[in-house]
Amino acid sequence: MPAAPSPSLPPALTAVPPPAPFAEPGAEPGRTIVDVRNLTLTYQAADHPVYALSDVSLSIAQGDFISLIGPSGCGKTTLMRVIADLEQPTGGTVLVNGMTPEQARLKRAYGYVFQAPALYPWRTVERNVTLPLEIMGIPRGERQTRAREQLERVGLAGFERKFPWQLSGGMQQRVSIARALAFNPDLLLMDEPFGALDEITRDHLNLQLTQLWRRTRKTCVFVTHSIAEAVFLSTRIVVMSPRPGRILDVIDCARDLPPERTLDIRESPEFQRIAHRVREGLMEGHSYDD
Amino acid sequence: MIGVASRQPRPAMAPGPLVALLAPLLPLGGVAGHSVGFVDSPVAVAGLVLLVGTLLLRRLAVGALSEAVILSVGVAAGYGATLRLLADGLAPDAGLWLLLLGATLLLGRVLRLLAEVSGPARHACPALFGLAILLLWEILTRGLQVPAILLPPPSAIAAAFATNAADLWDDFRQTVLISVLRGYLLGCGAGFAVAILADRVPFLARGLLPLGNLASAIPVVGVAPIMVMWFGFDWQSKAAVIVVMTFFPMLINTLAGLASAERIQLDLMRSYAAGYWRSLLLLRLPCALPFLFNGLKINSTLALIGAIVAEFFGTPVVGMGFRISTQVARMNLDVVWASITVAALTGSLLYGALALAERRVTAWHPSFRKR
Ligand SMILES: Nc1ncnc2c1ncn2[C@@H]1O[C@H](COP(=O)(O)OP(=O)(O)OP(=O)(O)O)[C@@H](O)[C@H]1O
Ligand SMILES: [Mg+2]
């Protein structure tokens, strides 16, 4: 059997790894983009330490869509915050595209959708979406077109001139999603972005998100409490459990589910089987409480 | 229901204003030692008839506003007749006081009606209230012959205002346009600038904040003479007093404002790798605006007080504080009152302008926002 032609570059060029250019679209999939090793994080609360993360190892490849699922307080937000350099770990290492999280942050690699909308009330909806673009020095005209495009994607066309406090909680959260998308980061970190939405809007945005992801192959880390949402969107699902926060199971969805997903795959037996396995994992995590 | 507010049931009418009907039974007052009966005075009778007449006419009213308009004619008649009789030299007696009481009770009814109307007419209630206080002040000081040294009637103050207009304007220019404005800008500007500095240099904030408590307890009358000795009689010493008074309120408010941005909003800036100045400009200063305005508003009153008090300790012979101190010594209390009026109007205008600016600039803040 002839050896498969190696796609790798000649040794002369790979000996010195190129200074990690951030994944432009079309960067080879499969390359590790986030590498978390033996991560431990202990919060020093007033009376006793809180073991938010304990020996967490996870590797996220370019183009992955990873969902974190687990009971409340199991450290999902904390893990994302460590990756985004918003929290310092007490042990272990995190590398983002070969760099420390801080270096990656300074290169503006992260689009973080927080658990709360975090909009600036003195800015209109549109100017909230253009905020990161302003900071990056993108010209006004382009800022506006990008903002409008993303607001339309999340179903908020026509609300550009409103102020955040004139919008419902779910609409505010959609503005914050549009804000993260407009800035076109290499790594999208989304903390329960659809938690406050009704079922129909949620389905619609799930579809939008999976289509966006398939088109751009942007690496996403996504926190959710919905099993169906996790299975529908992800290439891999990370099941976590609390006290101390750790990873129980990593479930591959890309193998059994097609990359191109429509809402009716939720009825398929493969989908049901994966959902069942996630549920088992969650229940196992909960049993530690008893 | 919206839009038919005028048909809402109006509050019931208390019979109070009818006490005026007893007035004709009592002596009206005296002119040059001769007693005058109520019915002998056509002015008093006309006032009473109009007052009672509007009480009957009020049935024609369709809403709160129109009833208030009708009844205010009766109030005006009662007050007008009283003022007219006092101007004619009448020394008032029970009959006139009863007419005034009836008119005042009727005014109470008018104010109660006006308090409920909305739209542009809602300003009528406070305006009428203020006007009524001025009129009562006028009537009571004249009718009870209060010595002008203790409390001159508003008309005397207005007359003093007119005859001393040139002096008062010079005082205003010296005190407000020169001393207060410069001192205020210096004090607030320095407080703000040092706050920004202290935000970057933590030991400054920790060292300065306890001093702020000390400074707020310093009496102006102690600082003012010292500043006059240091900086001389002209505006510089007044501005220095104002800087001492306004610096710390501004510093403390700015620091509190800069600390008021929420953690998650700061995290967002951090995730965009925004530098110190970027997050200051785009996040922390907008968050601080309500606090900044608080400082500016407090300081607007402090600055005026500081300048006037400081002028007691030496000025080039002009300025509101100088005017007050010299005219008190000469017993020209009407001029003193005119000066006080200028100061009070200036203070409230400054404060009002700042409050208006605040409303515009921080319309997004929960205390102002309208959906
Ligand atoms: N700043 C902090 N100080 C102390 N303890 C903290 C802090 N932040 C989080 N924790 C604790 O760490 C644990 C993990 O919190 P985390 O926010 O990561 O949970 P989560 O999985 O995101 O939960 P949820 O699904 O409710 O959002 C919790 O027990 C929490 O109490
Ligand atoms: Mg969370």
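Assorted remarks:
- Close pairs (7 angstrom Cβ cut-off, 6 or more residues apart or separate chains): more than 14 Å from A:Leu189 (Cβ to Cβ) and within 16 Å of ligand 2 (Cβ to nearest atom) in segment A:109-137, open to solvent by less than 10 Å² (accessible area, probe 1.4 Å) and among the β-branched types (Val, Ile, Thr) anywhere: A:Pro117/A:Val175
- The requirement of being within 16 Å of ligand 1 (Cβ to nearest atom), over 15 Å from the mean Cα position of the chain (by Cα) and open to solvent by 20 Å² or more (accessible area, probe 1.4 Å) is fulfilled nowhere in segment A:56-68; no residue meets it.
- Check on B:Gly95, in contact with a Phe, Trp or Tyr (Cβ under 6 Å, 6 or more places away or on another chain), within 20 Å of B:Arg142 (Cα to Cα) and part of a helix (DSSP H, G or I): yes
- A:Thr77 falls short on exactly one of the conditions (1) more than 16 Å from ligand 1 (Cβ to nearest atom); (2) in a helix (DSSP H, G or I); (3) closer than 23 Å to A:Val231 by Cα, and that condition is (1).
- Segment A:96-113, subset assigned to a loop (DSSP other than H, G, I, E, B) and over 27 Å from A:Ala157 (Cβ atoms), residue farthest from the other protein chains (Cβ to nearest Cβ): A:Gly98
- Pick from segment A:189-199, criterion within 16 Å of ligand 2 (Cβ to nearest atom) and out of contact with any helix residue (DSSP H, G or I) (no Cβ under 6 Å at 6 or more places or on another chain), ranking: least open to solvent (accessible area, probe 1.4 Å): A:Met190
- Checked against (1) modelled with pLDDT of 80 or more; (2) in a helix (DSSP H, G or I); (3) within 34 Å of the chain's Cα centre (by Cα), B:Ser6 meets all criteria but (1).
- The combined condition, being in the same structural domain as B:Leu140 (by TED's automatic domain parsing), among the hydroxyl-bearing types (Ser, Thr, Tyr) and farther than 21 Å from B:Leu140 by Cα, is fulfilled by B:Ser66.
- Segment A:173-188: number of residues that are of a type in the set (A, V, I, L, M, F, W, C) and open to solvent by 40 Å² or more (accessible area, probe 1.4 Å): 0
- Within segment A:114-149, the set of residues being facing another protein chain (nearest Cβ under 10 Å), β-branched (Val, Ile, Thr) and not in a helix (DSSP H, G or I) comprises A:Thr124 only.
- Once segment A:200-232 is narrowed to residues that are within 16 Å of ligand 2 (Cβ to nearest atom) and open to solvent by 10 Å² or more (accessible area, probe 1.4 Å), the residue that is nearest to the other protein chains (Cβ to nearest Cβ) is A:His225.
- Helices (runs of 4 or more DSSP H) fully within segment B:159-221 counting 1 or more residues that are at pLDDT 95 or above, farther than 15 Å from B:Met320 by Cβ and more than 23 Å from the chain's Cα centre (by Cα): B:181-200
- Subset of segment A:102-143 (residues that are open to solvent by less than 20 Å² (accessible area, probe 1.4 Å) and within 16 Å of ligand 1 (Cβ to nearest atom)): A:Tyr112, A:Val113, A:Phe114, A:Ala118
- Filtered residue count, segment B:7-63, keeping only those that are open to solvent by 100 Å² or more (accessible area, probe 1.4 Å) and among the basic types (Lys, Arg): 2
- Only one entry in B:Gly314, B:Gly295, B:Gly347 is among the small types (Gly, Ala, Ser) and crowded, with 20+ Cβ neighbours inside 10 Å, namely B:Gly295.
The values are calculated or read from the model by the stated rules, or taken from the named source; none is laboratory data. Being a predicted model, the structure only gives us computed values, none of them experimental. So basically every Cβ, Gly included, is an ideal-geometry build from the backbone, and we count neighbours across all protein chains shown. With ligands, DNA and RNA removed, areas are computed over all heavy atoms of the protein, side chains included. Shrake-Rupley method; radii C 1.70, N 1.55, O 1.52, S 1.80 Å.
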